[in-house]
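Reviewing the structure listed below.
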Amino acid sequence: MKLIDGKAVAQKIHAETAKAVERLKSLGHPPGLAVVLVGEDPASQAYVRSKDRTCRELGMHSLKFELPATSSQAEVIALVHRLNADPAIHGILVQSPPPAHVDERAVIEAIDPRKDVDGFHPVNVAKLALGDPDGFVPCTPMGCQRLLIESGIETAGAHAVVLGRSMIVGKPMALLLMQKGLGGDATVTVAHSRTRDLAAVCRTADILIAAIGRPEFVKADFVKEGAVVIDVGINRVADASSPKGSKLVGDVDFNAVAPKCAAITPVPGGVGPMTIAMLMHNTVLACERLHNVKR
Ligand code: NDP
């Protein structure tokens, strides 16, 4: 069984990004990312801190906006419009989820698609579906695809089962795997909460991508001998043995599943570091495109 080291692959991508940042700076275009957080959700605060820190480590310009949970939708959208017009900002990200009174779709639609480094704007969703390479691809599925490529896992002709159909992970993951070309050309099945006999469907997978948000849900009987398993899940569960009283686990029961796999990602240290690496990659790409700089 091969353990797919997401941290190591993410470091490699960060090194490429740092080089591209240096080049853009030398041309007078330091890439800039703006991250907007509405409210005080502790998990979201941690994500935003880590994005801000990584940006700075890579030499990029980073702006962090922490708006109170009482901010109105109009205030959030007004900030997005300001950032759309700011030439020092090339990527805009509004941390999900916003408070219930803020319509997340309306906020995403307010972002200039050319600065939508999360790839959630309808224009970018359509470009991914169309196979148009000029859009932005959501960071987590793009990170999963890159992990497969970097690990030398052949997707062409493989049967990939994507467990989960969200707009953030499952759906774009399926689109990427079915695209023509490197990291694609797979035969794709998408499974979800209404799928009949889920374990049997998952057992047909050469590549199983689990993105459901259910701690250690995927057991050994979901996995074919020799399959590749990518675990997207990040779930915090109680753990009396940890000083924090909790730990992170994936959507896959790692100890039960790993012995059957040809390769598997751990949690933490698998898909998580890739997501942030792809966000930084997308921000640099946005800067290159906005300034017409070719790689
Ligand atoms: P969502 O809650 O938006 O979607 C979950 C999907 O899983 C839905 O399609 C749902 O089906 C399906 N599902 C839920 N329960 C079951 C079940 N019992 N059996 C079959 N299908 C089920 O989650 P996300 O896609 O946003 O996230 C999924 C996981 O990935 C979470 O653990 C999240 O924390 C993690 N994540 C990790 C990231 C990273 O950087 N590593 C980034 C983003 C997410 P239905 O549509 O029928 O309701």
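With respect to the stated conditions, LYS244 is surrounded by fewer than 17 Cβ atoms within 10 Å (Cβ to Cβ), in a loop (DSSP other than H, G, I, E, B) and modelled with pLDDT under 95.
Restricting ALA69, ALA10, ALA34, ALA78 to residues that are surrounded by fewer than 19 Cβ atoms within 10 Å (Cβ to Cβ) and closer than 26 Å to ASN124 by Cβ narrows the list to ALA78. For region 63-74, state whether one or more residues are touching a helix residue (DSSP H, G or I) at 6+ places or on another chain (Cβ under 7 Å) and touching a residue at least 60 places away in the same chain (Cβ under 8 Å). No, region 63-74 contains no residue that is touching a helix residue (DSSP H, G or I) at 6+ places or on another chain (Cβ under 7 Å) and touching a residue at least 60 places away in the same chain (Cβ under 8 Å). Would a scan of region 224-231 turn up a residue that is more than 22 Å from ALA156 (Cβ to Cβ), among the charged types (D, E, K, R) and open to solvent by 60 Å² or more (accessible area, probe 1.4 Å)? So far as region 224-231 goes, no, none of its residues is more than 22 Å from ALA156 (Cβ to Cβ), among the charged types (D, E, K, R) and open to solvent by 60 Å² or more (accessible area, probe 1.4 Å).
This table checks each residue for (1) under 20 Å from CYS287 (Cβ atoms); (2) out of contact with any strand residue (DSSP E or B) (no Cβ under 9 Å at 6 or more places or on another chain); (3) of a type outside the set (A, V, I, L, M, F, W, C).
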| site | (1), (2), (3) |
| --- | --- |
| VAL36 | yes, no, no |
| GLN45 | no, no, yes |
| LEU63 | yes, no, no |
| GLN73 | no, yes, yes |
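For region 232-241, name all the residues that are part of a strand (DSSP E or B) and within 10 Å of the ligand (Cβ to nearest atom).
ASN235, ARG236 - these are the residues of region 232-241 that are part of a strand (DSSP E or B) and within 10 Å of the ligand (Cβ to nearest atom).
Taken across region 215-231, residues that are in contact with a Leu (Cβ under 6 Å, 6 or more places away or on another chain), within 14 Å of the ligand (Cβ to nearest atom), of a type in the set (A, V, I, L, M, F, W, C) and more than 26 Å from HIS14 (Cβ to Cβ) do not occur at all.
Within region 279-288, none of the residues are within 16 Å of the ligand (Cβ to nearest atom), in a helix (DSSP H, G or I) and closer than 13 Å to LEU3 by Cβ. In the set (1) among the charged types (D, E, K, R); (2) away from the ligand (no atom under 14 Å from the Cβ); (3) surrounded by 14 or more Cβ atoms within 10 Å (Cβ to Cβ), the condition left unmet by ASP253 is number (2). Under the condition of being out of contact with any strand residue (DSSP E or B) (no Cβ under 8 Å at 6 or more places or on another chain) and either in a loop (DSSP other than H, G, I, E, B) or more than 16 Å from ILE212 (Cα to Cα) (or both), the residues counted in region 247-278 number 11.
The values are calculated or read from the model by the stated rules, or taken from the named source; none is laboratory data. Keep in mind the model is a prediction, meaning the values are calculated, not measured. When we count neighbours, we look across all protein chains shown, and the Cβ atoms used for this are built from the backbone with ideal geometry, even at glycine. In case anyone asks, the SASA skips ligands and DNA or RNA and just uses the protein heavy atoms, side chains included. Shrake-Rupley method; radii C 1.70, N 1.55, O 1.52, S 1.80 Å.
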